[in-house]
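Here is the structure we will look at.
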Amino acid sequence: MIVPTDIHLKLENRIAEFLKVEEAVLYSFNFSTIASAIPAYSKIGDVIFCDEGVHFAIQKGLTASRSLVKFFKHNDVQDLEKLLQEQAEQDLIDPKKAKSTKRFLVVEGLYFNHGDICPLDKIMNLKKKYKVRLFVDETVSFGVLGDSGRGITEHLNIPIKDVDHISASLENAICAYGGFCAGSSFIIDHHRLSGLGYVFSASLPPLQAAVALSAINILDSKPDLIDNLRKNCKQMHSILSK
């Protein structure tokens, strides 16, 4: 089982502070982060609506949950609403079952397999309308999107508290090991009991926790890094497109 040290606790607190959420929890391996988070909350009898373009770790989390998974076409908000409406109609037919069924929606901020951005602003409208719990995976968007690298919510100016659960990697833009989940204390405390990749794992190496902590401090103090990254991406995209 993970036994956090002072540096691990500092990193969790720093991530929560940086994202402006109540709490964060560290995982020692990025792949197991979202793969553990999904089955920690969604079980047999629950329903997950998921973009068909999600990366492999999310796919493994969906399988491990043993929930009913309904895929919608990649970044197709209309197709998602169609599935949500169908579910709403089924719930009216069997209200007793509907009362015990939890509904989740899983998307990525920046899609690992496609390189395009999630239309989260439109998806938020459906989340509120159909009352589903929203998981946003920021494996490749944390440290990349937004004016200060806080991810898709900052990029699209969406209050982060409106997203139920955020997962992200420390192995990409942050150049360390592991990953984390962030959100309200009510949501994140559940990981420490039910996140299998957290409970049945060793801690993130303290040296790597220090690397991640320093990287986030640099990112927070030098917002021009994100601006330079965006310029480089546009330039590279322009060159490759030719």
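Compared with the alpha-carbon gap, the fully stretched path from T101 to T5 is longer by 30.8 nm at 0.36 nm per residue. Calculation over all alpha carbon pairs of the range 84-169 in 5 angstrom steps from 0 returns a P(r) of 3, 14, 24, 21, 14, 10, 8, 5, 1, 0 percent. The charge dipole of the range 24-99, taken about its Cα centre with unit charges on the Cβ atoms of Lys, Arg (+1), Asp and Glu (-1) only, comes to about 400 debye. Normalised by 2.2 N^0.38 Å, where N is the number of residues, the alpha-carbon radius of gyration of the range 157-209 equals 1.27. With the largest listed first and rounded to whole Å, the semi-axes of the equivalent ellipsoid of the range 41-83 from the Cα gyration tensor are 19, 13, 5. Model label sites at N113 and A202, defined 7 Å from Cα along the beta-carbon direction, differ in position by 3.2 nm. If I take R0 = 35 Å and measure r between the Cβ atoms of L240 and D121 in this structure, what FRET efficiency does the formula 1/(1 + (r/R0)^6) give, to the nearest 0.05? Once the sixth-power term is evaluated, E becomes 0.80. The antiparallel fraction among DSSP beta bridges confined to the range 28-171 stands at about 5%.
Amide H to amide H, with H built 1.01 Å from N, R133 comes under 5 Å of R103, F104, L105, counting only residues 5 or more places away or on other chains. Computed over the alpha-carbon atoms, the range 71-121 gives an Rg to Rh ratio of 1.09, Rh here being the Kirkwood radius from the mean inverse distance. The fraction of all Cα pairs in the range 34-126 landing in successive 10 Å bins from 0 to the largest distance is 16, 47, 32, 4, 0, given as whole percents. Beta bridges from DSSP with both residues in the chain: antiparallel share about 35 percent, rounded to the nearest 5.
The string of couplings for the range 117-130 from the Karplus curve (6.51, -1.76, 1.60, θ = phi - 60°) is 9, 5, x, 4, 4, 6, 5, 4, 5, 6, 4, 6, 5, 9 Hz, one whole number per residue in order, with x for Gly and Pro. Accessible surface calculations at 1.4 Å, restricted to protein heavy atoms, place the chain at 50 Å² per residue.
Rounded to the nearest 20 debye, the dipole size of the range 156-242 about its Cα centre is 340 debye, using +1 on the Cβ of Lys and Arg and -1 on the Cβ of Asp and Glu.
Express in nm, to one decimal, how much length is gained between E17 and Q90 on full extension, taking 0.36 nm for each residue of separation and deducting their alpha carbon distance. Show your work: numbers first, answer last.
Working: separation 73, 0.36 × 73 = 26.28 nm, distance 4.09 nm.
Here the segment from E17 to Q90 would lengthen by 22.2 nm.
Scalar couplings 3J(HN,Hα) for the range 34-40, obtained by applying the Karplus form with A = 6.51, B = -1.76, C = 1.60 to θ = phi - 60°, are 6, 5, 8, 5, 4, x, 5 Hz; x denotes Gly and Pro.
Here the chain exposes an accessible surface that is 58 percent carbon and sulfur, computed with a 1.4 Å probe and the other protein chains kept in place.
Helix content alone sets the calculated 222 nm mean residue ellipticity of the chain: runs of n ≥ 4 DSSP H residues at -39500 (n - 2.57) each, divided across all residues, give -14500 deg cm²/dmol. Between K161 and I44, the modelled labels are 3.8 nm apart [label points 7 Å from Cα along Cα→Cβ].
Cross-link pairs exceeding 24 Å between alpha carbons, from the set K122/K161; K82/K129; K20/K128; K73/K102; K60/K234: K60/K234. Each Lys and Arg contributes +1 and each Asp and Glu -1, all at the Cβ; summed about the Cα centre of the chain, the dipole is approximately 400 debye.
Taking the highest mean first, how do the peptides 46-54, 17-25 order by number of other beta carbon atoms within 10 angstrom per residue?
46-54, 17-25
Using every pair of separate Cα atoms, the Kirkwood estimate puts the hydrodynamic radius of the range 1-156 at 16.6 angstrom. Taking the three principal axes of the alpha carbon atoms in the range 91-227, the coordinate ranges are 53, 36, 27 Å, sorted in descending order.
The values are calculated or read from the model by the stated rules, or taken from the named source; none is laboratory data. What you see is a predicted model; the values in this text were computed from it and never measured. Here Cβ is always computed from backbone atoms with ideal geometry, including for glycine, and neighbour counts include all displayed protein chains. The accessibility values were calculated without ligands, DNA or RNA, using every heavy atom of the protein model including side chains. Shrake-Rupley method; radii C 1.70, N 1.55, O 1.52, S 1.80 Å.
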